[in-house]
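J.: Pasting a structure below so you can have a look.
The values are calculated or read from the model by the stated rules, or taken from the named source; none is laboratory data. Just so it is clear, the model here is predicted, and its values are computed rather than measured. Here the Cβ is made from the backbone with ideal geometry for all residues, glycine too, and neighbour counts use every protein chain on show.
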Amino acid sequence: MTNTSTLTGPALQASRAALSAALAEQANSSQHEQELEVGEIQEVDMEAQADGIRTVFNDPSNFNVKHPLFSPWTLWFDSPATKGRNMPQTPVSAFPQTPIPQTPGVQAAQGWMEDIKRVISFDSVEEFWGLYNNIIPPSQLPQKANYYLFKEGIIPAWEDEANKHGGKWSIQLPKDKNRGNVDKMWMYTMLAAIGETFDPSPTLGDGSAAASLITGVIVSTRPQFYRISIWTRLAPSGSDEDAALRERIEGVGRHFKTSVLGYPESARLAGPLATEVEFLSHKDSEKKGKAKKIIV
Ligand code: MGP
């Protein structure tokens with residue numbers, strides 16, 4: 001498979017396997033529960049498991065099980081509480097941080113980025129779970145808050161070079177009916193992003209690797225609804241020349257709707273405070289007028 005990663009085959013496989021295992025965990029756990037009798041204790045051969053692998057349980061600082069991601073990611077956050085406040089850039093110093101390059105896009109977005117705080121960057125499955133287990137889930141965030149998980153080096157703004165020709169898939173879900181679902185939906189959205197399953201094998205016509213279409217994912221809490229979005233590098237114009245791109249973009253939307261959010265492809269989701277899974281270019285979002293959306 002061709003992709004933009006610099007990882008070697010086994011590392012890629014390990015990364016993928018760890019993410020698939022996490023996704024399969026929910027299904028497996030209920031099956032295991034059925035296989036074990038009530039009160040029965042599952043036997044685990046700890047010695048065999050530990051052989052050759054130093055986990056965090058053997059050595060809390062030098063364990064050697066770390067599965068690299070295809071690329072590093074950065075989590076950003078904003079909420080009414082962060083507005084105008086000078087929060088520390090790195091609340092957890094163990095995670096690597098790199099300065100944001102001052103591209104023209106970054107400078108143009110300065111007003112918008114003022115209240116968005118950079119939380120942390122990570123580049124392995126283990127660091128992802130370390131972060132995930134230590135941040136407040138979307139269902140418990142205050143109103144008008146956002147988590148932005150973007151590829152390192154891309155800021156969560158239309159103005160960034162990587163976003164300015166792009167768009168977003170999004171779904172809006174009424175809060176009252178989705179308080180119990182939104183945390184899982186957001187977790188699966190992040191796993192699909194960092195596991196690169198939205199746009200899995202981008203290649204150019206000459207067979208060389210192309211950048212993945214995905215630049216980041218966002219969850220937003222609003223007074224009456226949640227919104228989850230997937231930002232893409234490009235947006236199809238509607239012309240015949242863009243047919244291949246449109247197909248690729250639609251593939252991202254279908255994967256989001258069916259595999260990540262778990263809806264049947266034929267399901268119609270729009271209703272009071274709810275939208276379909278729909279795509280809009282950032283240029284159309286900026287205009288705020290009537291725009292043509294793609295729906296899956
Ligand atoms: P939003 O938060 O994405 O939409 O953008 P929402 O949730 O419908 O609106 P809210 O008012 O409930 O938060 C809200 C507004 O923020 C937009 O209309 C823009 O004015 C501004 N904005 C949003 N984004 C993603 C950007 C961006 O990337 N760059 C700039 N400059 N402004 C943005």
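J.: Could you tell me whether any residue of region 252-264 is more than 16 Å from the ligand (Cβ to nearest atom), of a type in the set (D, E, K, R) and modelled with pLDDT of 95 or more?
T.: The first filter runs over region 252-264 and keeps only residues more than 16 Å from the ligand (Cβ to nearest atom), leaving 252-264.
So of that shortlist, the ones also of a type in the set (D, E, K, R) come out as 254, 257.
Filter again for modelled with pLDDT of 95 or more, leaving 254, 257.
Scanning region 252-264, I find at least one residue that is more than 16 Å from the ligand (Cβ to nearest atom), of a type in the set (D, E, K, R) and modelled with pLDDT of 95 or more, so the answer is yes.
J.: List the number of the failed condition for E247; all other conditions in (1) within 16 Å of the ligand (Cβ to nearest atom); (2) assigned to a helix (DSSP H, G or I) hold.
T.: (1)
J.: Could you please let me know if N146 is of a type in the set (S, T, N, Q), out of contact with any strand residue (DSSP E or B) (no Cβ under 7 Å at 6 or more places or on another chain), in the same structural domain as G130 (by TED's automatic domain parsing) and surrounded by fewer than 23 Cβ atoms within 10 Å (Cβ to Cβ)?
T.: no
J.: Sort through M187, M87 and tell me the only one that's under 23 Å from F256 (Cα atoms), away from the ligand (no atom under 11 Å from the Cβ) and either at pLDDT below 90 or not in a strand (DSSP E or B) (or both). If you could, list the steps in order and put the result at the bottom.
T.: Values: M87 fails: under 23 Å from F256 (Cα atoms).
Being under 23 Å from F256 (Cα atoms), away from the ligand (no atom under 11 Å from the Cβ) and either at pLDDT below 90 or not in a strand (DSSP E or B) (or both) holds for just one of M187, M87, which is M187.
Here is a yes/no grid of residues against (1) more than 19 Å from Y147 (Cβ to Cβ); (2) of a type in the set (A, V, I, L, M); (3) under 21 Å from the mean Cα position of the chain (by Cα):
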{"site": "A210", "(1), (2), (3)": "yes, yes, yes"}
{"site": "W231", "(1), (2), (3)": "no, no, yes"}
{"site": "P236", "(1), (2), (3)": "yes, no, no"}
{"site": "G251", "(1), (2), (3)": "yes, no, yes"}
{"site": "E265", "(1), (2), (3)": "yes, no, yes"}
{"site": "R268", "(1), (2), (3)": "yes, no, no"}
{"site": "S281", "(1), (2), (3)": "yes, no, yes"}
{"site": "I294", "(1), (2), (3)": "yes, yes, yes"}
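J.: Same structure again: Filter region 98-131 for residues that are in a helix (DSSP H, G or I) and of a type in the set (F, W, Y); which is nearest to P80 (Cα to Cα)? If you could, list the steps in order and put the result at the bottom.
T.: Within region 98-131, the subset in a helix (DSSP H, G or I) is 104-108, 110-113, 125-131.
Within this subset, residues satisfying the condition of being of a type in the set (F, W, Y) are 112, 128-129.
On the way: W112: 14, F128: 25, W129: 26 Å.
Across region 98-131, the extreme among qualifying residues is W112.
J.: Here's another thing I want to ask about it. Residue check: is L245 touching a residue at least 12 places away in the same chain (Cβ under 8 Å) and more than 19 Å from the chain's Cα centre (by Cα)?
T.: Working: touching a residue at least 12 places away in the same chain (Cβ under 8 Å): no; more than 19 Å from the chain's Cα centre (by Cα): yes.
It is false that L245 is touching a residue at least 12 places away in the same chain (Cβ under 8 Å) and more than 19 Å from the chain's Cα centre (by Cα).
J.: Condition first: more than 15 Å from the ligand (Cβ to nearest atom), surrounded by 19 or more Cβ atoms within 10 Å (Cβ to Cβ) and more than 11 Å from W73 (Cα to Cα). Now tell me which residues in region 126-143 satisfy that.
T.: Scanning region 126-143 gives a single hit, L131.
J.: How many residues are of a type in the set (A, V, I, L, M), within 16 Å of the ligand (Cβ to nearest atom) and part of a loop (DSSP other than H, G, I, E, B) if we restrict to region 271-296? Steps first, please.
T.: The initial filter retains those residues of region 271-296 that are of a type in the set (A, V, I, L, M), namely 273-274, 277, 280, 291, 294-296.
Imposing the further condition that a residue be within 16 Å of the ligand (Cβ to nearest atom) reduces the set to 273-274, 280, 291.
Of the ones still in play, those that are also part of a loop (DSSP other than H, G, I, E, B) are 273, 291.
Qualifying residue count, region 271-296: 2.
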